[in-house]
Amino acid sequence: MADIKYNVRVTRIIDGDTITADLLNISNSLFFNIISEGPITLINQKIRLYGILAPEIFGKEKLLGYRSKNYLSYLLKDQQSYIIIHSRHFEKYGRILATLYITGYSTPDINVNELMISEKYALPALYIRGKFVQTNPNYNSLVHQFPFR
């Protein structure tokens, strides 16, 4: 399956690797098993950022989780964005696995997934056919890298 690009309006940041968004003006809705004669908008779709693992916003990781979530919120504030879905597979909670991009800067479109990893707000994660391959995340590498204390 070829990569599919959809314009999105982010409606909620759940944590550092999950958002809720409206997928706008979908003309090829067969990916979602919907038959439509014209473009449609899917609202409140949960999207898991493909290839990253951010700290959770509860438990021992809570502080790091909120830092990661706040950074993602900062990146997405008032920005136009789109996702690229690479696979027809959804992960185990039914979320769409996608790469998120933001536009509107004087630079090329920014890959948010890669930026979260390079700025040390998330770790790389592995998905195979929509299934998360469990690793033991070591968030200690993130602790000393956060610019906000």
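A few comments on the model shown:
- Partners for residue 120 among lysines (Cα-Cα distance below 25 Å; same-chain residues under 8 apart left out): 46, 60, 62, 69, 77, 131
- 3J(HN,Hα) couplings calculated from phi for segment 63-69 with the Karplus curve 6.51 cos²θ - 1.76 cosθ + 1.60 (θ = phi - 60°) are, in sequence order, 4, 5, x, 5, 5, 5, 4 Hz; Gly and Pro show x.
- Taking GluC sites (Glu not before Pro) across segment 18-127, the ones in a DSSP loop with at most 11 further Cβ atoms lying within 10 angstrom of their Cβ are 37.
- Nonlocal amide H pairs with residue 16, under 5 Å, H built at 1.01 Å: 69
- If only the Cβ of Lys and Arg carry +1 and only the Cβ of Asp and Glu carry -1, the dipole of segment 37-98 around its Cα centre is close to 260 debye.
- When segment 50-100 is reduced to its Cα atoms, the Kirkwood hydrodynamic radius in Å: 12.6
- For segment 105-112, the Karplus equation 6.51 cos²θ - 1.76 cosθ + 1.60, evaluated at θ = phi - 60°, returns couplings of 8, 7, 9, x, 3, 9, 7, 5 Hz by residue, with Gly and Pro reported as x.
Quick note: the coordinates plus some simple rules give every number you see, no bench work behind them. Keep in mind that this is a model prediction, so the values were computed, not measured. For neighbour counting, all protein chains shown are included, and Cβ atoms are generated from backbone atoms with ideal geometry for every residue, glycine included.
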